[in-house]
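The structure appears right after this line, and notes come after that.
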Amino acid sequence: FTFAFPIIMLLIFGAVFSGDVGPGVSFTQYFTAGMIAAGVVMSSFQTLAISIAMERDDGTLKRLRGTPMPPLAYFLGKIGLVLVTALAQTVILLAVGVLVFDLDLPSTGELWLRFAAIFLAGTASGTVLGIAFSSLPRSGKSAAAVVSPVVIVLMFISGVYFVYNDLPAWMRTVAEVFPLKWMAQGMRSIFLPPVMEAAEVGGSWQLGTGFAVLGAWTV
């Protein structure tokens, strides 16, 4: 579900909303940038917060502690899972966007390097936050009910499902505290033309602030 959800949402929203959000910028182009960011959050934060809580509840972690495997190996395995899943999901999202909705891919090496930097920074913050958040669910059965609403709410207020500028000011203020808003804005700086930068809140992509927020959450 975590893997398929962003792809399904891209197909649904792309089919329903066909207008433009700016000069020559389709809603699909805007929405794809946000869904890539949301996919990273789901593959990292949501996946780990739920799976680790379930493994704690069913005794898997206790059994692993009785083996020679160091805890570091367990977490490195989780990080590897996140990277592979998030990367595969992103590739499929881009392929669907190009084949179905004529998505315009980044045209320069600089934009692809920025894409890689935002992807890695978002994955890092989502991974460590997922590991930390996994301690909150009281049982494995309740993990999804505790974690999923957090992700869904952040998607609605962070410029994933809606144009960020159209959201109420108080909602944008809340979103600015969390990583997803900055990941989505960073992805927009890659997939949207430079003319759209002026339409952002603050009149710029705020990449420096975005990396600072993601880095702070990672720390």
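Before moving on, here are some points about what is shown:
- Checking each residue in segment 113-139 for being free of Cβ contacts under 8 Å to residues at least 24 places away in the same chain and in a helix (DSSP H, G or I) picks out L113, A116, L120, A132.
- Test: L129 is out of contact with any Gly (no Cβ under 9 Å at 6 or more places or on another chain), surrounded by 19 or more Cβ atoms within 10 Å (Cβ to Cβ) and either polar (S, T, N, Q) or at pLDDT 95 or above (or both): yes
- Per-region count, segment 54-101, residues touching a residue at least 60 places away in the same chain (Cβ under 8 Å) and of a type outside the set (A, V, I, L, M): 8
- Those residues of segment 169-214 which are touching a residue at least 60 places away in the same chain (Cβ under 8 Å), open to solvent by 30 Å² or more (accessible area, probe 1.4 Å) and either in a helix (DSSP H, G or I) or among the hydroxyl-bearing types (S, T, Y) (or both), in sequence order: V195, A199, L207, F211
- Every residue from segment 141-165 that is assigned to a helix (DSSP H, G or I), open to solvent by 50 Å² or more (accessible area, probe 1.4 Å) and within 20 Å of I36 (Cβ to Cβ): V150, I152, V153, F156, N165
The values are calculated or read from the model by the stated rules, or taken from the named source; none is laboratory data. This one's a predicted model, so the numbers in the text were calculated from it and none came from an experiment. Glycine gets a Cβ as well: all are built from the backbone with ideal geometry, and neighbour counts include every protein chain shown. Areas reflect the complete protein model, heavy atoms only, side chains present, ligands, DNA and RNA absent. Shrake-Rupley method; radii C 1.70, N 1.55, O 1.52, S 1.80 Å.
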